[in-house]
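Undergrad: Provided herewith is a single structure, encoded as structure tokens, for subsequent inquiry.
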Amino acid sequence: MTTAAATAFTARYGGSPDGVWAAPGRINLIGEHTDYNEGFVMPAALPHTTQVAARRREDGVVRLFSAQGDAEVAELALDALAPGSVPGWAAYPAGVFWALIEAGHVLGGADLAFSSDVPTGAGLSSSAALECATAIALDDLFGLGLDAPARALVAQRAENAFVGVPCGALDQMASSCCVAGHAHFLDTRTLTGRQVPLDLPAVGLTLLVIDTKVKHDLGDGAYAGLRAGCERAAALLGVQALRDIPIAELGTAEAQLPAELRPLLRHVVTEDQRVLDTVAALDAGEPRALGPILTAGHASLRDDYRVSCPETDLAVSAANAAGALGARMMGGGFGGSVLALVDTGLLETVERAVHAAFAEAGFGAPQTFTATPSQGAHRVA
Ligand code: GLA
């Protein structure tokens, strides 16, 4: 099979790759800012992927090229890789090499060429796709024998310790482990969960993604600050993580916290409950019940966690006013994408309404597309 990544590989390095692998971006049905609180999440993989064509080397040299990048090949020495040593996008794949070596695996070098159609900076985990594609390629190339969750943890380690973003496991677990036609209900404390069938088109429903085009950057301090606030709240409450506060004890727990930490606790505890409610609704064959859960999740992220922005708020309100069953922002926040649950027959009406509302508000045009739950990281050729 000829892929864009294989074509880029041959143009850059000559010859053929040993293989081509792909890892997807993700949506998250519900469960936002719960992963670093050891709580629940429920992502599904997008059909959009980062592909990597790769070939082993034996000399400890790593070459990285991206068809969407600046036309430069980054050339690195495996034994010189250190956190902070690689600038730009190449830090993500380089970090995966570093994290595998740190975990005791023996790697040679490799030539890698990437091509991606995952929107970047859109809250759809383009970074995780890049990391997880690298992880599965290296696993196969060097016969490491890792399973999908192990590859996800290596990818998360790369992002945390090499790139320096203190993210939880949501994005990498989604990109590595999701199964087509399903949402992945995951307990991020135990990394156990199950694949929940999600065939919304069969019941006349569609998941609409609205990319507001407002770029977020998880590297800035806001995300780290929220995470630190949650950790401080957990310490004050004497629990390992906020996930340990049962919803029935929310009021009592809130009263023990300083005012600025109460909304963080409220969001995390109610959001974990919304994940459980979502699983229960899908198990009961009531997917329409997801609508109000999504919208309640957005209100919590807007009013308590305070990570929404005018564009995501408008996308949610315009979609709902036009007949969506519910909608919410996804990902870290401060921009990025909104997910709306829509009767398939109303799809165009909702899309038109969102575009019109953005134009009227003087915002740049958003991009909309439908999301079909797709396959996690896999070999393509
Ligand atoms: C980003 C992070 C994830 C998660 C989400 C919020 O996507 O990478 O680990 O914390 O934000 O749910």
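The values are calculated or read from the model by the stated rules, or taken from the named source; none is laboratory data. In this text, all values refer to a predicted model and were calculated from it rather than measured experimentally. Cβ sites come from the backbone with ideal geometry, for glycine too, and all protein chains shown count toward neighbours. Surface accessibility is based on the protein's heavy atoms, side chains included, excluding ligands, DNA and RNA. Shrake-Rupley method; radii C 1.70, N 1.55, O 1.52, S 1.80 Å.
Undergrad: Taking the options Arg26, Arg57, name whichever one is buried (at least 24 other Cβ atoms within 10 Å of the Cβ) and either within 16 Å of the ligand (Cβ to nearest atom) or in contact (Cβ under 8 Å) with a residue 12 or more places away in the chain (or both).
TA: Working: Arg57 fails: buried (at least 24 other Cβ atoms within 10 Å of the Cβ).
Just one listed residue meets the conditions, Arg26.
Undergrad: Shifting gears a bit: May I ask you to verify whether Val52 is of a type in the set (A, V, I, L, M), crowded, with 24+ Cβ neighbours inside 10 Å and within 16 Å of the ligand (Cβ to nearest atom)?
TA: Values: of a type in the set (A, V, I, L, M): yes; crowded, with 24+ Cβ neighbours inside 10 Å: yes; within 16 Å of the ligand (Cβ to nearest atom): no.
So Val52 does not fit the description; no.
Undergrad: List the pairs whose first member sits in the stretch 154-183 and is within 9 Å of the ligand (Cβ to nearest atom), whose second member is open to solvent by 20 Å² or more (accessible area, probe 1.4 Å) and among the aliphatic types (A, V, I, L, M), and whose Cβ atoms are under 6 Å apart, counting only residues at least 6 apart or on separate chains?
TA: Filtered contacts from the stretch 154-183: Val165/Leu218; Pro166/Ala224.
One line per residue, one yes/no per condition, for (1) of a type in the set (Phe, Trp, Tyr); (2) within 14 Å of the ligand (Cβ to nearest atom); (3) open to solvent by less than 40 Å² (accessible area, probe 1.4 Å):
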residue	(1), (2), (3)
Asp199	no, no, no
Thr206	no, no, yes
Ala233	no, no, yes
Ala241	no, yes, yes
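Undergrad: Under 8 Å by Cβ, and 6 or more places apart or on different chains, what pairs join a residue from the stretch 317-331 that is more than 16 Å from the ligand (Cβ to nearest atom) with one that is assigned to a helix (DSSP H, G or I) and among the basic types (Lys, Arg)?
TA: So the pair list comes out as Ala322/Arg352; Leu325/Arg288.
Undergrad: Test Glu260 against the criterion of being out of contact with any Cys (no Cβ under 6 Å at 6 or more places or on another chain), surrounded by 17 or more Cβ atoms within 10 Å (Cβ to Cβ), of a type outside the set (A, V, I, L, M, F, W, C) and without any contact (Cβ under 8 Å) to a residue 60 or more places away in the chain, and give yes or no. Before the answer, list the steps.
TA: Details: out of contact with any Cys (no Cβ under 6 Å at 6 or more places or on another chain): yes; surrounded by 17 or more Cβ atoms within 10 Å (Cβ to Cβ): no; of a type outside the set (A, V, I, L, M, F, W, C): yes; without any contact (Cβ under 8 Å) to a residue 60 or more places away in the chain: yes.
Considered against the rule, which asks whether it is out of contact with any Cys (no Cβ under 6 Å at 6 or more places or on another chain), surrounded by 17 or more Cβ atoms within 10 Å (Cβ to Cβ), of a type outside the set (A, V, I, L, M, F, W, C) and without any contact (Cβ under 8 Å) to a residue 60 or more places away in the chain, Glu260 comes out as no.
Undergrad: Right, another one. Give the residues of the stretch 340-371 that are out of contact with any strand residue (DSSP E or B) (no Cβ under 6 Å at 6 or more places or on another chain) and among the β-branched types (Val, Ile, Thr), sorted by residue number. Don't jump to the end; show me each part of the working.
TA: Applying the first criterion (out of contact with any strand residue (DSSP E or B) (no Cβ under 6 Å at 6 or more places or on another chain)) to the stretch 340-371 yields 343, 345-346, 348-349, 352-353, 355-365.
The answer is Thr349, and nothing else.
Undergrad: Name the one entry in Leu76, Leu81, Leu64 that is surrounded by fewer than 22 Cβ atoms within 10 Å (Cβ to Cβ), more than 16 Å from the ligand (Cβ to nearest atom) and either acidic (Asp, Glu) or within 30 Å of Thr188 (Cβ to Cβ) (or both).
TA: On the way: Leu76 fails: either acidic (Asp, Glu) or within 30 Å of Thr188 (Cβ to Cβ) (or both); Leu64 fails: surrounded by fewer than 22 Cβ atoms within 10 Å (Cβ to Cβ).
The unique qualifying residue is Leu81.
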